[in-house]
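Report on the structure given below.
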Amino acid sequence: MPWTIEEVLSLLRNEYDVQSWWPSSSAFEVALGAILTQQTRWENVLLCLDSLRDHGLLDVERLAAADTSLLEELIRPCGFFRQKAHRIQYLCRHILDVHGGETAGMLQGGLDECRRELMSLPGIGPETADSILLYGGGRPVFVAASYCLRVLNRTGACSFQDYEEVRENVEQELGPDPLALGDLYALLVELAKEHCRKQPICKGCPLETRCSFKVGRT
DNA sequence: ACCCAGGTGTTTC
DNA sequence: GAAACACATGGG
């Protein structure tokens, strides 16, 4: 018997606490974190956000005007620092030029339009765009990252392979509930951290009874 | 000395 | 179209 997405969510909610999983004081900070965390551990992201805060750079206008070399040095621990510095400053200029410096304003329009707009920016793909919309804008979207997809596939909760199809399927199943959608992504990431990466077989994994599988590259 | 992380963009078959 | 590669630091 395959699991339903609601069952996976419910079971994982009993297993992990993701109350303040994406700590942030503003939509802009979420956007910065979303870019910095690409292919990077979250602890390093927090470090870099603190550095930016210390330099008074958690601000759209000041970050846009900041010296690029300085920004690169401050975010160096997050890796890909040249690419990420450029992506961040491009985003800042976009928010200033198109949305009068209001990050929240960029996340308030029609959902499909917002997604397309974000993904048209350099270095913002589907996962980054959806993270910003979900955790920064409180919009009801699911981040269908590859390991989420893998677990949902293996448990039989979702049989799609394509990012967009999985996203829409989960959104359909859970309904337009940002808390549920945000929790599910966070919980699946936590599950992957604890089990799926450490050992080839999901030993001790809460989903083990029906989900025992080898982990491939993401 | 390897392998990988809360991805994305470009190049190549 | 999919696969392979580049981007880069830090921790296990």
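The values are calculated or read from the model by the stated rules, or taken from the named source; none is laboratory data. Note that the structure is a prediction, hence the values are computed from the model and not measured. All Cβ positions, glycine included, derive from the backbone under ideal geometry; neighbour counts span all protein chains shown.
For the reader, a short list of remarks on this structure follows.
Yes or no, residue by residue, for (1) under 20 Å from residue A:27 (Cα atoms); (2) crowded, with 21+ Cβ neighbours inside 10 Å; (3) away from DNA strand B (no atom under 16 Å from the Cβ):
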| position | (1), (2), (3) |
| --- | --- |
| A:101 | yes, no, yes |
| A:105 | yes, no, yes |
| A:114 | yes, no, no |
| A:141 | yes, yes, no |
| A:144 | no, yes, no |
| A:156 | no, no, yes |
| A:175 | no, no, yes |
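- 2 or more residues over 30 Å from residue A:188 (Cβ atoms): qualifying helices (runs of 4 or more DSSP H) within the stretch A:21-122: A:60-65, A:68-74, A:81-99
- Annotation note: Cβ proximity below 8 Å between a residue of the stretch A:73-99 that is in contact (Cβ under 8 Å) with a residue 12 or more places away in the chain and within 16 Å of residue A:29 (Cβ to Cβ) and a residue that is away from DNA strand C (no atom under 12 Å from the Cβ) and among the aromatic types (Phe, Trp, Tyr) (sequence gap 6+ or interchain) occurs for A:95/A:28.
- Taking the criterion of being touching a residue at least 60 places away in the same chain (Cβ under 8 Å), part of a loop (DSSP other than H, G, I, E, B) and within 16 Å of DNA strand C (Cβ to nearest atom), the residues of the stretch A:123-144 that qualify are A:123, A:124.
- When restricted to residues that are over 20 Å from residue A:95 (Cβ atoms), within 22 Å of the chain's Cα centre (by Cα) and of a type in the set (D, E, K, R), the stretch A:42-71 contains 2.
- Filtered by the rule that a residue be part of a helix (DSSP H, G or I), modelled with pLDDT under 95 and within 16 Å of DNA strand C (Cβ to nearest atom), the stretch A:148-188 gives A:149, A:150, A:153.
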